[in-house]
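A short reminder: the numbers here are calculations on the coordinates, not readings from a lab. Predicted, not measured: the structure shown is a model, and the values here were computed from it. Cβ coordinates were reconstructed from backbone atoms using ideal geometry, including for glycine residues, and neighbour counts include every protein chain displayed.
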Amino acid sequence: MGVVSVSTDTIEELKATIDAKVAKLAEDPLSCAEGMYQFCIDNTFGSGFNEKWGVKHFKVLEDNLMNGEKIHMTYIGMHDYQSTTKHDGYYAYAISNKRIMFGQKTMTGEKFKAVDHEKINDISFEIGMWLGFLTIDTPQEKIKVALDKDSAKSINNHIHQVLDALKSKPTEA
């Protein structure tokens with residue numbers, strides 16, 4: 001379902017590829033990068049720099065999904081935020097039934113990391129004058145994510161709802 005070669009693929013092959021993508025989106029919208037990005041837009045959970053780059057960031061997550069992994073929530077924020085000029089840029093984040101994933105597509109490659117739910121010590125939240133901050137505390141590191149102020153509270157609330165629901169139903173995928 002990746003890149004198609006317009007010069008070598010037939011019209012039938014292109015139609016089949018498109019139909020497969022549409023079917024996958026219809027079956028589980030959060031299983032595709034486009035659906036993950038649309039979830040962010042629909043819920044005002046961040047949009048990143050623009051739609052093109054937002055979808056590229058979520059494609060990194062889509063490509064790293066494990067068998068049986070189901071996404072419950074996505075959002076976009078500035079990763080490892082220290083100041084307005086010192087951060088790692090926009091990343092896509094997803095909470096699945098197994099882990100929290102984050103990834104970024106860059107001009108030269110991509111970055112991906114995941115943290116199992118059991119390894120999360122705490123998720124804290126603070127709001128500043130212009131931005132909201134979500135800090136994911138793990139035994140190895142603290143990841144500070146800057147979010148736009150308007151969506152920061154709803155992202156924080158939704159994250160805790162999703163994680164609580166997953167903890168209360170550990171067998172649910």
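Could you work out how far helix 51-63 tilts from the main Cα principal axis of the chain, as a 0 to 90 degree angle to the nearest 10?
It works out to around 90 degrees.
Rounded to whole Hz and in sequence order, give me ³J(HN,Hα) for region 33-45 from the Karplus expression 6.51 cos²θ - 1.76 cosθ + 1.60, θ = phi - 60°, writing x for Gly and Pro.
Ordered by residue, 3J(HN,Hα) equals 4, 5, x, 5, 5, 4, 4, 4, 5, 4, 9, 6, 9 Hz.
I need the peptides 51-62, 80-91 ranked by packing, meaning the mean over residues of other C-beta atoms within 10 angstrom, with the highest value on top.
51-62, 80-91
Over every pair of different alpha-carbon atoms in the chain, take the mean of 1/r and invert it; report that Kirkwood radius in Å. Each step should come with its number before you reach the end.
Details: mean 1/r = 0.0592 Å⁻¹.
Its Kirkwood hydrodynamic radius stands at 16.9 Å.
Over the chain, what is the relative contact order in percent, taking alpha-carbon pairs closer than 8 angstrom and at least six residues apart?
Working: 289 pairs, mean separation 28.3, N = 173.
After rounding, I find 16 percent.
Please enumerate, by chain and number, the lysines with C-alpha under 29 Å from the C-alpha of residue 169, excluding those fewer than 8 residues away in the same chain.
Candidates past the 8-residue exclusion: 24, 59, 70, 98, 113, 119, 142, 144, 153.
Give me the angle, in degrees from 0 to 90, between the Cα long axis of helix 11-27 and the longest principal axis of the Cα atoms of the chain, rounded to the nearest 10.
With rounding to tens, the tilt is 30 degrees.
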